[in-house]
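First up is the structure itself, then whatever we jot down about it.
The values are calculated or read from the model by the stated rules, or taken from the named source; none is laboratory data. Keep in mind that this is a model prediction, so the values were computed, not measured. Cβ atoms come from the backbone with ideal geometry, glycine included; neighbour counts cover every protein chain shown. These accessible areas exclude ligands, DNA and RNA; they are computed on the full protein's heavy atoms, side chains included. Shrake-Rupley method; radii C 1.70, N 1.55, O 1.52, S 1.80 Å.
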Amino acid sequence: SREVLAREAINHALKALKKRHLIEEGAHAPAYIALSRPIISQGSEWKEKAENLEMELQQCYKAQSRLSEQLVVEVAESRALKASLQEKETAIAELEKELNQTRDECSQLKTDLEEKIRALELLMIEHQELKAQLEQMAIKAKNAEAENKMLVDRWMLQKMQDAERLNEANALYEDMIERLKASGLEKLAREQVDGIVRRSEEGAEFFAESTVPSVCSHRINAHEGGCASILFEYNSGKLISGGQDRSVKMWDTSTGSLTHNLSGCLGSVLDLAITHDNRFIIAASSSNNLFVWDVSSGRIRHTLTGHTDKVCAVDVSKVSSRHVVSAAYDRTIKVWDLQKGYCTNTIIFHSNCNALCFSTDGLTICSGHVDGNLRLWDIRTGKLLSEVAAHSLPITSISLSRNGNVILTSGRDNVHNLFDGRSLEACGTFRATGNRVASNWSRSCISPDDNYIAAGSADGSICIWSISKADIVSTLKEHTAPVLSCTWSGLGKPLATADKNGIVCTWT
């Protein structure tokens, strides 16, 4: 250590001083000899030697002082180095402790890793076994799928043969019905009075003349989220409604009770139609499809797919229950064969169709479009026969009179027009202050005796016009939400209306 070195340096210096002192004593020996000489003769010589010795002594003192200071510095540095050494020894002890802990943790982790490796090897063995089992199951599934496909093909072949036989039987049945209708034309013509047919179809009951409704007989909470379409069965008081809750319901208007609930629709019901034999109900849906229910069983018979946007209008031929026409917001009108369940013709036009209906002979389609025009189409060729600018804004509704000679259109311009079905000449215009069409699919209607027009309004009221007087004869107020649809029973009463809250009212 520096302290030991300093002590050794001091001892060495002392020894050097003693040695020098002895040397000086030897050097001063002549001086002692000279003492015997006379003082006067040696005075100057002694004085000079004394001065030299005094200077040497001062130099020795200075050297001793420097060595002392150096000794003090060396001692201080030695103490500082000793303290630093102790700190480093302490740090080394802590690091050794941490090293031991780390070695223990490493040993534990190594043990855990070995266990994990053994578990992984076990899982890999199990995985290989499961993979082998999966391959076996896949082979079995493939064999089952092939067998199932073969059975399905055989079943489909059998069903196609059954369908062909059924189509032949239906064709024979339709031919017989057409012959019967042809034989009854003369009888039906005799039953016409002022161009209005007093019987709807052969074998149907007579209907009473329509009366102006004034009393709300039933208020029915039919659907959640709104009811956009209602219609009556042919020659019946049963009402059919469709709403945004994706359901189609049938009601007894004499009691206001629910008789059937048809489910399975995948979107909001925007329009409804029923075959003239009351066997099938067709719903136009916002899910781009049409759904066909068998009323007797309550089950879906067909799902007609082909439109690429929401289907907003549908109608069934009044001559044959086989042909259905629909319109969607993909700018197409499609004709469907209800027995085969597929599309037979597609009409593409630049303006979307909001409403449509068949003519009484089943050969012409009447369509109302967003551009406000009323158009007639040939169902067989799909060609445009004629058109007229009926409204300045989109047409929302088309209704045909019972004899098919008059077409009622309603538009977003809040006007209701009557057109001659053969020439498309305007024969009446109806409007009222406060009567505002609520939506692009608001449906108005003509009474069965062709004497009245009913149309709902955005303020919840229903206006009744007399066609002969061209004036309002009644305003019905019961709804608190915009009225979306009006329909008249073929028996002359009641009138049914539906609003945006899903409330259906019947009026007598």
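Restricting attention to the range 402-427, report how many residues are under 25 Å from T211 (Cβ atoms), small (G, A, S) and modelled with pLDDT of 90 or more.
Residues meeting the conditions: 1.
Between D309, D245, D271, which is under 23 Å from I398 (Cβ atoms), touching a residue at least 60 places away in the same chain (Cβ under 8 Å), acidic (D, E) and assigned by the TED database to the domain that holds Y329?
Being under 23 Å from I398 (Cβ atoms), touching a residue at least 60 places away in the same chain (Cβ under 8 Å), acidic (D, E) and assigned by the TED database to the domain that holds Y329 holds for just one of D309, D245, D271, which is D271.
Can you give me the ranges of the strands (runs of 3 or more DSSP E) entirely in the range 415-496 with at least 1 residues that are open to solvent by less than 20 Å² (accessible area, probe 1.4 Å) and under 30 Å from T364 (Cα atoms)?
In the range 415-496, 416-420, 426-430, 452-456, 461-466, 483-488 are the strands (runs of 3 or more DSSP E) which contain 1 or more residues that are open to solvent by less than 20 Å² (accessible area, probe 1.4 Å) and under 30 Å from T364 (Cα atoms).
Could you grab me the full set of residues in the range 296-318 that are out of contact with any His (no Cβ under 7 Å at 6 or more places or on another chain) and surrounded by fewer than 19 Cβ atoms within 10 Å (Cβ to Cβ)?
S296, S297, R299, I300, R301, T303, T305, G306, T308, D309, K310
Can you name the number of the only condition in (1) surrounded by fewer than 24 Cβ atoms within 10 Å (Cβ to Cβ); (2) closer than 18 Å to V324 by Cβ; (3) at pLDDT 90 or above that S229 fails?
Of everything listed in (1) surrounded by fewer than 24 Cβ atoms within 10 Å (Cβ to Cβ); (2) closer than 18 Å to V324 by Cβ; (3) at pLDDT 90 or above, S229 misses just condition (1).
Could you please find all residues in the range 248-271 being part of a loop (DSSP other than H, G, I, E, B), within 20 Å of L484 (Cβ to Cβ) and under 27 Å from the mean Cα position of the chain (by Cα)?
C265, G267, S268
Restricting attention to the range 429-446, report how many residues are of a type in the set (S, T, N, Q), more than 17 Å from S286 (Cβ to Cβ) and touching a Leu at 6+ places or on another chain (Cβ under 8 Å).
Summing the residues that are of a type in the set (S, T, N, Q), more than 17 Å from S286 (Cβ to Cβ) and touching a Leu at 6+ places or on another chain (Cβ under 8 Å) in the range 429-446 gives 2.
Pairs only if they're at least six apart or on different chains, beta carbon under 7 angstrom, first in the range 356-380 and on the phi > 0 side of the Ramachandran plot, second basic (K, R) and assigned to a loop (DSSP other than H, G, I, E, B); list them, first residue then second.
Sorted first by the residue in the range 356-380, then by its partner, the pairs are G362/K318.
In the range 138-178, how many are within 37 Å of the chain's Cα centre (by Cα) and more than 18 Å from G341 (Cα to Cα)?
The total comes to 10.
For every residue, the table says whether it meets (1) closer than 30 Å to A9 by Cα; (2) at pLDDT below 90; (3) not in a helix (DSSP H, G or I).
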site: Q42; (1), (2), (3): no, yes, no
site: E54; (1), (2), (3): yes, yes, no
site: Q58; (1), (2), (3): yes, yes, no
site: A91; (1), (2), (3): no, no, no
site: L95; (1), (2), (3): no, no, no
site: L134; (1), (2), (3): no, no, no
site: A146; (1), (2), (3): no, yes, no
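Tell me, which residue of the range 345-360 that is at pLDDT 90 or above and closer than 17 Å to S321 by Cβ is surrounded by the fewest Cβ atoms within 10 Å (Cβ to Cβ)?
Here the answer is S359.
Taking only the range 336-358 into account, find how many residues are of a type in the set (A, V, I, L, M) and not in a strand (DSSP E or B).
The total comes to 1.
Condition first: in contact (Cβ under 8 Å) with a residue 60 or more places away in the chain and open to solvent by less than 100 Å² (accessible area, probe 1.4 Å). Can you find one or more residues in the range 140-163 that meet it?
Within the range 140-163 (the criterion being in contact (Cβ under 8 Å) with a residue 60 or more places away in the chain and open to solvent by less than 100 Å² (accessible area, probe 1.4 Å)), the answer is yes, since at least one residue qualifies.
Which residue pairs have Cβ atoms closer than 8 Å, lie 6 or more positions apart in sequence or on different chains, and pair a first residue in the range 102-129 that is on the phi < 0 side of the Ramachandran plot and open to solvent by less than 80 Å² (accessible area, probe 1.4 Å) with a second residue that is in a helix (DSSP H, G or I) and β-branched (V, I, T)?
none
Any idea which of (1) in a strand (DSSP E or B); (2) surrounded by fewer than 14 Cβ atoms within 10 Å (Cβ to Cβ) is the one L290 doesn't satisfy?
(2)
The rows are residues; the columns are (1) within 30 Å of F430 (Cβ to Cβ); (2) outside the structural domain of Y234 (by the TED database); (3) out of contact with any strand residue (DSSP E or B) (no Cβ under 6 Å at 6 or more places or on another chain).
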{"residue": "Y342", "(1), (2), (3)": "no, no, yes"}
{"residue": "T346", "(1), (2), (3)": "no, no, no"}
{"residue": "F358", "(1), (2), (3)": "yes, no, no"}
{"residue": "G362", "(1), (2), (3)": "yes, no, yes"}
{"residue": "S367", "(1), (2), (3)": "yes, no, no"}
{"residue": "W377", "(1), (2), (3)": "yes, no, no"}
{"residue": "T396", "(1), (2), (3)": "yes, no, no"}
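Sort out which residues of the range 361-375 are open to solvent by less than 10 Å² (accessible area, probe 1.4 Å) and part of a strand (DSSP E or B), and write them in order of number.
Within the range 361-375, I365, C366, S367, G368, H369, L374, R375 qualify.
Answer yes or no: is there a residue in the range 174-193 that is within 26 Å of D315 (Cβ to Cβ), at pLDDT 75 or above and outside the structural domain of C312 (by the TED database).
There is at least one residue in the range 174-193 that is within 26 Å of D315 (Cβ to Cβ), at pLDDT 75 or above and outside the structural domain of C312 (by the TED database).
State which residue is surrounded by the fewest Cβ atoms within 10 Å (Cβ to Cβ) when the search covers only the range 272-286 and only residues that are in contact with an Asp or Glu (Cβ under 8 Å, 6 or more places away or on another chain) and either β-branched (V, I, T) or not in a loop (DSSP other than H, G, I, E, B) (or both).
Looking at residues that are in contact with an Asp or Glu (Cβ under 8 Å, 6 or more places away or on another chain) and either β-branched (V, I, T) or not in a loop (DSSP other than H, G, I, E, B) (or both), I get F280.
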